[in-house]
1. Identify, among A:69, A:49, A:111, the residue whose Cα sits farthest towards the positive end of the charge dipole of chain A, taking +1 on the Cβ of Lys and Arg and -1 on the Cβ of Asp and Glu, with the dipole about the Cα centre.
2. So if each residue of separation counts as 0.36 nm, and I subtract the Cα-Cα distance between residue B:53 and residue B:231, what length gain in nm does that give?
3. Testing the spin-label approximation: label points 7 Å from Cα along Cα→Cβ at residue A:134 and residue B:535. State their distance in nm.
4. Take the alpha-carbon centre of segment B:443-480, take the same for segment B:304-331, and report the distance between them in whole Å.
5. Extension gain residue A:107-residue A:72, at 0.36 nm per residue separation less the Cα-Cα distance, in nm?
6. Taking loop as defined by DSSP and a crowding limit of 15 other beta carbons within 10 Å, which chymotrypsin sites (Phe, Trp or Tyr not before Pro) in segment A:1-102 fit?
7. Based on alpha-carbon centroids, what's the gap between segment B:95-124 and segment B:521-563 in Å, whole number please?
8. Taking the Cα centre of segment B:6-203 as origin, sum charge times position over the Cβ atoms of Lys and Arg (+1) and Asp and Glu (-1), and report the length of that vector in debye to the nearest 20.
Amino acid sequence: MQKSLHIDPNKCTGCLQCEMACSFENYGVFNISRSRIKVFNFEHAGRKVPYTCTQCAEAWCLHACPVEAIKVDLATGAKVVHEASCVGCKVCTIACPFGTVNYVAETGKVQKCDLCGGDPACATACPTGAISYIDSDWTGLDKMRQWAGKTDSQPRAS
Amino acid sequence: MGWTRKVLRVDLSKGTCTSEPLNMALAQQYLGQRGLATKYFVDEVDPKVEPLSPANKLIMATGPLTGTSASTGGRYSVITKGALTGAIACSNSGGYFGAELKFAGWDMVIFEGRSEKPVYLSIEDDQVELRDAAHLWGKTVWQTEEIIKKSHQDPQVRVCSIGRAGENGVLYACIVNDLHRAAGRSGVGTVMGSKNLKAVAVRGTGGVAVRDGKGFMKAAAAAKKVLADNAVTGQGLPTYGTQVLMSVINEMGALPTRNHRDVQFEGAGKIGAEAMRQKRPSDGHAQLVTNAACFGCTIACGRIAKIDETHFSVVNKPEYWGASGGLEYEAAWALGAANGVGDLEALQYANLICNEDGYDPISFGATVGAAMELFELGILTEAQIGMTAPFGSAQALTKLAEMTAQGVGFGKELGLGSKRLCAKYGRPELSMTVKGQEFPAYDARGIQGMGLTYATSNRGACHLRSYTVASEVLGIPIKTDPLVTEGKAELVKAFQDATSVFDSAGVCIFTTFAWTLADLQPQLDAACEGGWSMEKLAELGERIWNMERQFNLAAGFTAKDDDLPPRLKTEPAKTGPAKGLVSGIDKMRPEYYQARGWDGQGVPTRETLARLGL
């Protein structure tokens, strides 16, 4: 079964455990400025929203790369940056419509979410279930269940 | 690791910023944040210093767990000699600022001297400079943060600043970070203002490393599970916030009401957690929008609220209509029960003003309570205050909040706190303070241990130095009887010492609803070099407490200052379970001195100091 990161902003409290887990998994230190998932705080609406790469099936970043440094991980479906090939041209950062591939000045390469090889640290770290890693084909299941629960709930005459 | 091992020293008089290595020998004895920064402070500053003179210093300090994934690991503290109290001050804040300071590579920032003109400190990793703040002076906290983010062209910069209260000499001014988190008590913002330091803007791109990564992740995960499984930290606080306490404390007859005349508030139901969740008739929405977490926090007790746009306080003021920091228990009590106001929206408005202009709602609300009593006694007149101000007046509360923020009219007098206000009008006994600092939201007659907590707190009346409410009300870690004095001396000492450790580690004191030192210890030991055993931590807490005590004694405080106002010792509680009781402080104090290894005058004995390496 292919899985996807699934995000429910209503459950996010803005604690940034996901950002810390991401940086620790990839760099061995807690450093949210190197996180591949970011939580955005819409202060006056009272909303916090985690956002990261959705692993597009037809990935703009992958197609834009002139040196084929972005490859598909066949096990997870993740589009993975191969640092050895990346030349830091940043064309992928322009091609990505969502802004989830970003350049890292310190390494001269780009970075993006690679699903941690199939066990995303952000999802594990999230204390509220705002980030989960679930069946790609059924990311809507929870919402469907919620709405399903509201249908046909009128008391019936027996 | 855990520490970045770097201290930034900012001489505001000379305009210089220098980096120096953290004293690692001291870090082994004082850990970080409250303990370590206080050690730096007492070594460098004359205890007799005038709080608002250039010779006073102000330290912003993180702990070794700040910026790690330890739950609540985002705290920082501000250490100085308090403007309100003249005692050692240590005010602790969450939000995101503390972690960012650590990511920028600094364990602490020491501010000395006084700038000739308003400045702010800009930190981008090791690029540090003092910048002109003429354009920020006179601006609110909210405006300051917005202007700095815009001018730095960086939405990720984190800011702490003072509002107009800190500029105008309100003696209980805060330092506010991330719009509505605050180093709140004792007037640390006033000291910052006296140095002409408006703000600190920080952006950090470095990481925080730990000694044993795998071990740390395991310890942190286990500790998070303890928080999640606990009824208070796993359910009560995220759902209701600290406001969960309003009805509980009221029922116990320990909710100080109308300047401590009463111990139960008939309007408690209108200003507590349930009220915040109730849909309003005006717009069909509850005041509470959602809960929110500070950096790294898996509890998420924070309140995000929206005020009722039709309320008299904000009609035609759309700048207050958006979601922002909501009422916590202490603020709801101080702005509400302490002066008899049962209008939830008025409390939220006053709370917003406190955040916007940076002053402590506890001290402010309690001072308004004292003023209202003086008004009812006919000592303060309508002409002096500029309005009628009887207990219960939401109009007076909101207007006085604005006047205090702006430093106009009677607001100037309120800004000096309850002790100075009551002394000025010849009724010093009506000031509900210890060491000049106003009480928080627990009556010392209904929760006896809190009376001893207030009387002996090193920073003046405060609930966060030994929150015996946990034991006396909630049964954590063991249930004790709130109405008796027996055993409270040992209880208070144990809470004070443990709290000193948590405040020095970089985590939030609210973890202690679920954690003991045994939950903190494995995280600290995995993060930091030096072998952090339970014994070492227990001794550390006691060492910190005695160090703070010695500073206060040298500053001129005596056993006489470890006392409560006469009202709490002579006027029995009128209603509730504590009916007929007064505080047994005079019985508990000598027991406490003895438990501490202090002499009859509250001075640590030579043996005690030697045992703690002081």
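The values are calculated or read from the model by the stated rules, or taken from the named source; none is laboratory data. Since we're looking at a predicted model, the values are computed, not measured. No Cβ is skipped: glycine too gets one built from the backbone with ideal geometry, and neighbour counts run over all protein chains shown. Each accessible area value is taken on the protein alone, full model and side chains, heavy atoms only, with ligands, DNA and RNA left out. Shrake-Rupley method; radii C 1.70, N 1.55, O 1.52, S 1.80 Å.
1. A:49
2. Between residue B:53 and residue B:231, full extension yields 59.4 nm more.
3. 5.1 nm
4. 31 Å
5. Net length gain for the segment: 10.4 nm.
6. Passing sites in segment A:1-102 are A:98.
7. After rounding, the separation between the Cα centres reads 25 Å.
8. With Lys and Arg at +1 and Asp and Glu at -1, about 420 debye.
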